[in-house]
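The values are calculated or read from the model by the stated rules, or taken from the named source; none is laboratory data. All values derive from a computational prediction rather than experimental measurement. When the accessible area is computed, the model is the full protein with side chains, heavy atoms only, and any ligands, DNA or RNA have been set aside. Shrake-Rupley method; radii C 1.70, N 1.55, O 1.52, S 1.80 Å.
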Amino acid sequence: MGPNLLAQALINQPRQDACQKLAVQGTFGFQLELSGDLPAVAFEEAPRVLALSVDGGVSVELTFLPHPATTVERLQQVLAPQVRGAVGHFDGLSPDGDALLGWAYRRGQAIGQSIEVWLHSAGLPPVTLRCDRYRPGMGAEGYPEHCGFQIELQQLPPAWDGQEVQVYFDVDGQIPLPGAGLVWLPGSGSALAPAEAQLMHPTSGSPYTASMANAPVELQQSWQALEQFRQFLDGLEAQVCRAEEAQQLVRECQALEAGRPPRKRDRLLRMLGLRV
């Protein structure tokens, strides 16, 4: 930004989409990590992302490919004082389907400090979520232990029932947390509980994590929609299985009742000739 270097990284990350686009194999990706220790001021000069050759002789200014004209605006959004240096993950619905949860914090934040993220849905005012809940396992990896957020669905107004929601780092809803993406909330009276969702961790060993993180945004959203539909089908299948098991139990009980020995009263009635 102007003469100031805010972050730098090597271009050495795998990006299959770039390889396919260029028809060349290589590691063309990079990841710039912004420190939370940057001054809490709004920079006046337009930010830029430059790619340099190994010897520094060639410099190329990078743009946001889907909408190049918005490159500066998007960079300014992630460099805003209330956002820069923030990391996190939106887990989506809890395994029992009663809450939304995830985690977020700002790099370099002091012990006892926490940040806020915002739950958004189209046409509804955003809901503030404080990231200060205990998150098991985070401390062992060097992350703040109290960086989780959670909101029970019953805490949301009725207008949120059945809506599509997402969690963002900013109140304007421009910078989403990675993870679950768009999530459909169950409508009022819904009887289906979602299948257990994977609660992502910063050091997740999933073989798909890197591939999904490096995929284009459109593919990530499509994958998330398919994953949510799969979870819905899993829940539906589980409910059908429970219904079939209940019917089988009823049939077994009826068969057992039909084959059990006559009660004493029945035998007495037969002896008296009052029952055939």
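Summary of values
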| read-out | value |
| --- | --- |
| Accessible area (Å², 1.4 Å probe, nearest 10) - L5 | 130 Å² |
| Accessible surface, 1.4 Å probe, highest first, among residues Y143, Y105, Y134 | Y134, Y143, Y105 |
| Solvent-accessible surface ranking, highest first, for S53, S94, S59 at 1.4 angstrom | S59, S53, S94 |
| Heavy atoms of H67 accessible to a 1.4 Å probe, total area in Å² rounded to 10 | 110 Å² |
| Whole-angstrom Cα spans of region 38-108 along principal axes, big to small | 56, 28, 26 |
| Region 32-141, accessible surface, carbon-and-sulfur percent (1.4 angstrom probe) | 55 percent |
| Centre separation in Å (Cα based) which lies between region 161-190 and region 88-124 | 11 Å |
